[in-house]
Amino acid sequence: MRVPQFLVKSFKPRWPVRSAGLNFALAYGSVFVLSAGLFLSFIWWNTTGQIERRVEVAVQVDAHDLAQRAQRGGMAGLVRAIQDRLDHNVEDDALYLLVGPTGRRYAGNLPGWPTAVSGTDHFYELAIQRDSFRTRAKMHAYILPGGCGLIVGRDIHGRELVRHVLMDTLIWAWIMVSLLAAGGALVMRGIFRQVVGSIARTTAAVARGDLSRRMPLTGNETDSISQTVNEMLERIDRLMDGVRQVSNAIAHDLRTPITRARARLEEASVTATSEQALRSAVDRAVVDLDHVTSIFEALLRIAQLEAGTRRAAFTDLEVPPLLEGLAELYEASAEEASLRLKLRVDAVRPVHGDRHLLQQALANLLDNAIKFAPSGTDVVMHAGMVGNDVFIAVMDAGPGMSPDDMARASERFFRAEAARHTPGSGLGLSLVQAVVALHNGRMVLQDRKPGLGVTLYIPSLGGELVREGSIV
Amino acid sequence: MRILLVEDDVTVRAFVLKGLREAGHVVDEADNGKDGLFLAVSESYDVLILDRMLPGGIDGVRILETLRVQNNATPVLLLSALADVDDRVAGLKAGGDDYVTKPFAFSELMARVEALGRRGRSEVVPQTRLTVADLEMDLLARTVKRGGEKIDLQPREFRLLEFLVRHAGQVVTRTMLLERVWDYHFDPQTNVIDVHVSRLRQKVDKPFDHALIHTIRNAGYILRAD
Ligand SMILES: Nc1ncnc2c1ncn2[C@@H]1O[C@H](COP(=O)(O)OP(=O)(O)OP(=O)(O)O)[C@@H](O)[C@H]1O
Ligand SMILES: [Mg+2]
């Protein structure tokens, strides 16, 4: 038989309270009350049990003693012993009864053999009439040799009293504990609310667009959440910054070549007098548009790298062959610019990274060095270890950069004043920066007087140092 | 060559079609994935040019995968507006032979299509000797002679020349050289490749009467016998 869907659904038991704070408080309260209950019950059980056992032991010892008296002194001795005990019983809680085989009462303070007491194998607890008042008693019956019946017991009225007092105390204690638990739960809920509230206030402010807000750190356990949220905000902030930079860049730096291409085409269409002139204008416009495309691609790539999600192609890499390949590729360009490209590779550990991206980054650095260094100088690529990082430095003896320019070097489209007349769009170092950041590394620029040194630090994998070598 | 072009953008399709036909190729066209797949399966082509993103559910990669499942090994060039390296890798993994991102220069596309068409035909017999005019390359001994005279080449120069010779009579672009000879997949900004080619020319062409390696403006290089 098929059960209708809604029934199945509604049968699922569901906790009705949604508020996490309330649940938290409820859980806290119930654990508290439950454990207090268990604790108090244990006290109750243990104390009353203890009293009970005491009575039983006293009765048994007493009976054993009387039985021995009977053996030694006969019936008369036994009667005397019972009388003796009754006389000396200050607390007036001892109960005895001695009857003969025929049912005749010989001694004791019980009025008669209680009808409920029919066996001799266990204790009986019953209400009895004593002199003028009713009370409760616990007793045990014994058959003595010769057929006499003996009952030894204790008045447990006092014990009942203790029991009541204890019960009252425990119930009050439990009520107080419950109240405390409820109070504590409310306090817990308050704390919880406060913590959640502070997170909620900050995130709400962020959602409304105030990205500068951060969670306050208070030094307690919630700091780990706050810290994560803060890191997240930091990242969102950076990404937003990237987006803003890109839109600014598109607004300014892409407009220029597009405007140029447009102007060229429009002018040619209006004024060109020969097919030759028209063609050359179109060709130049195509070059401009290619430039736009390449800027566009570089921007996209940088944005993608900064988003930090492009680690799919990461593998464990040996640095030396990578550098040797690049040195071989760029050596010809360096020579053409009358520069000497030197490679020095100390023993280095492998790194975890994307080969193509690292190649692109280093190619950008070599490209800059070759572009800016004056002819006749050396361009040096040097790799080695500092601490746990592999460093790769590209150094030239060119004009270098001022400290102010260095600080801005990895901004998109930044080009120093001196670089205005060289080709380029100012995205090379931005890309390097993005690649290095993706590898959890850093880029450091330094003035070598003369020249610029750009060093990339990339965390190495543990393991063997790999061969060293140099190409001069 | 017989070429199939599957591309939904009218302007790009007309532009590529015209260029390929002018170069003397026979070209069929389709503007959606369904027709494209039908043509690709039912006809036989030397090269397929597939746009990655096509309307109507069947995109370029789907066509490609379907063909490869049917053991159809026709060389495929993917066109894409996605310049991401990951997309490139995904395209090649699906069985594509080459990848060109939009916007592209027609010369780049043309050079790659011709290279693919040639590969489809020639890679059957592994060659040990290559000759163009008076240039001889011995691929086993790794020696080069021109007009009987031995030319000393660095290993990389040898591979560069080998690539040019294998594609003799065809335009090869700088990006193709960077990818195939150096195995680099990035934009080198400066003219690194030009410098290497000009070095090679110094050794292979300069001492002799006529040049084999020619520069094609706005496109790349060609090694020709004439
Ligand atoms: N080796 C160097 N020596 C002197 N200045 C440098 C050097 N490298 C970079 N710079 C300065 O930093 C600026 C930014 O460099 P970046 O590589 O980002 O852009 P670019 O080289 O001008 O253009 P692109 O790399 O996009 O072609 C350069 O314009 C230049 O002013
Ligand atoms: Mg640069």
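The values are calculated or read from the model by the stated rules, or taken from the named source; none is laboratory data. What you are looking at is a predicted structure, and each value in this text was computed from that prediction instead of being measured. Reconstructed Cβ throughout: ideal geometry from the backbone, glycine too, with neighbour counts over all protein chains shown. Remember, those area values only see protein heavy atoms, side chains included, never the ligands or the DNA or RNA. Shrake-Rupley method; radii C 1.70, N 1.55, O 1.52, S 1.80 Å.
Structure summary
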| quantity | calculated |
| --- | --- |
| Solvent-free Debye scattering, log10 I(q)/I(0), computed from the Cα coordinates of chain B at q = 0.11, 0.18 Å⁻¹ | -0.59, -1.30 |
| For the stretch A:368-453: rounded, prolate or oblate by the Cα gyration tensor [a/c cutoff 1.5] | oblate |
| 0 to 90° range, to nearest 10: angle between helix A:20-88 axis and chain A longest Cα axis | 20 degrees |
| Solvent-accessible area, 1.4 Å probe, carbon plus sulfur percent, for the stretch B:2-122 | 53 percent |
| On Cα atoms only, tilt of A:275-307 relative to the major axis of chain A in degrees | 20 degrees |
| Gyration tensor verdict on the stretch A:223-307 (Cα atoms; rounded if a/c is under 1.5, prolate if a/b is larger than b/c, oblate otherwise) | prolate |
| Carbon plus sulfur fraction of accessible area for the stretch A:140-197, probe 1.4 Å, in percent | 77 percent |
| Protein heavy-atom accessible area occluded, B/A pair - total, 1.4 Å probe, Å² | 2200 Å² |
| Complex-versus-alone comparison for the stretch A:341-388, residues with a loss of 30 Å² or more in accessible area, probe 1.4 Å | A:HIS356, A:GLN359, A:GLN360, A:ASP367 |
| Counting DSSP beta bridges with both ends in chain B, the antiparallel % (nearest 5) | 50 percent |
| Built amide H within the under 5 Å cut-off of A:GLY451, gap 5+ | A:GLY398, A:GLY400 |
| Value of Rg to Rh for the stretch A:20-165 (Rh from inverse mean 1/r over Cα pairs, i.e. Kirkwood) | 1.22 |
| Peptides ranked, highest mean first, by Cβ atoms within 10 Å: ranges B:174-180, A:266-272 | B:174-180, A:266-272 |
| Accessible area per residue, Å², the stretch B:116-226 with all protein chains present, probe 1.4 Å | 52 Å² |
| For A:TYR96, net neighbour charge (Lys/Arg +1, Asp/Glu -1) across residues whose Cβ lies under 13 Å away | -1 |
| Cross-link reach list, aspartates and glutamates versus A:LYS449, counting only Cα pairs under 12 Å and skipping chain neighbours closer than eight places | A:ASP396 |
| Positive-end residue of A:LEU150, A:ILE171, A:THR203, charge dipole of chain A with Cβ unit charges | A:LEU150 |
| Computed over the stretch B:49-199: relative contact order in percent, which uses C-alpha pairs under 8 Å that are six or more apart | 15 percent |
| Share of alpha-carbon pairs per 5 Å distance bin for the stretch A:136-290, given as whole % | 2, 7, 7, 7, 5, 5, 5, 5, 5, 5, 5, 5, 4, 4, 4, 3, 3, 3, 2, 2, 2, 2, 2, 2, 1, 1, 1, 1, 1, 0, 0 |
| Whether the stretch A:307-349 is rounded, prolate or oblate, judged on the alpha carbon gyration tensor where a/c under 1.5 counts as rounded | oblate |
| Heavy-atom accessible surface of the stretch A:223-307: percent carbon and sulfur, 1.4 Å | 58 percent |
| Among beta bridges that DSSP assigns inside the protein assembly as shown, antiparallel share in %, nearest 5 | 75 percent |
| Largest-first ellipsoid semi-axes for the stretch A:315-459, taking √(5λ) over the Cα gyration tensor eigenvalues, angstrom | 23, 18, 13 |
| For q = 0.12, 0.14 Å⁻¹, Debye-computed log10 I/I(0) when each Cα of the stretch B:2-122 counts as one equal scatterer | -0.36, -0.50 |
| Relative contact order %, chain A, counting alpha carbon pairs below 8 Å whose residues are six or more apart | 10 percent |
| Spatially proximal lysines relative to B:LYS145 (Cα-Cα < 16 Å; intrachain offsets below 8 disregarded) | B:LYS203, B:LYS206 |
| Exposed trypsin sites (Lys or Arg not before Pro) absent: longest stretch of chain A, with sites in DSSP loops and at most 10 other Cβ within 10 Å deemed exposed | A:209-419 |
| Helical segments meeting 15 Å axial Cα length and Kyte-Doolittle -0.5 threshold in chain B (DSSP H) | B:10-22, B:106-122, B:155-166, B:192-204 |
| Equivalent ellipsoid dimensions for the stretch B:129-223 as semi-axes, Å, which come from the Cα gyration tensor, largest first | 22, 14, 12 |
| Value of [θ]222 nm, deg cm²/dmol, for chain A, DSSP H segments ≥ 4, -39500 (n - 2.57) each, nearest 500 | -19500 deg cm²/dmol |
| For the stretch B:47-181, share of DSSP beta bridges that run antiparallel, in % to the nearest 5 | 60 percent |
| Shielding by partners - mean other protein chain Cβ count within 10 Å, residues of B:179-188 | 5 |
| Ratio of the Cα radius of gyration of chain A to 2.2 N^0.38 Å, where N counts its residues | 2.13 |
| Per residue, in Å², the accessible surface of chain A once ligands and nucleic acids are set aside, probe 1.4 Å | 58 Å² |
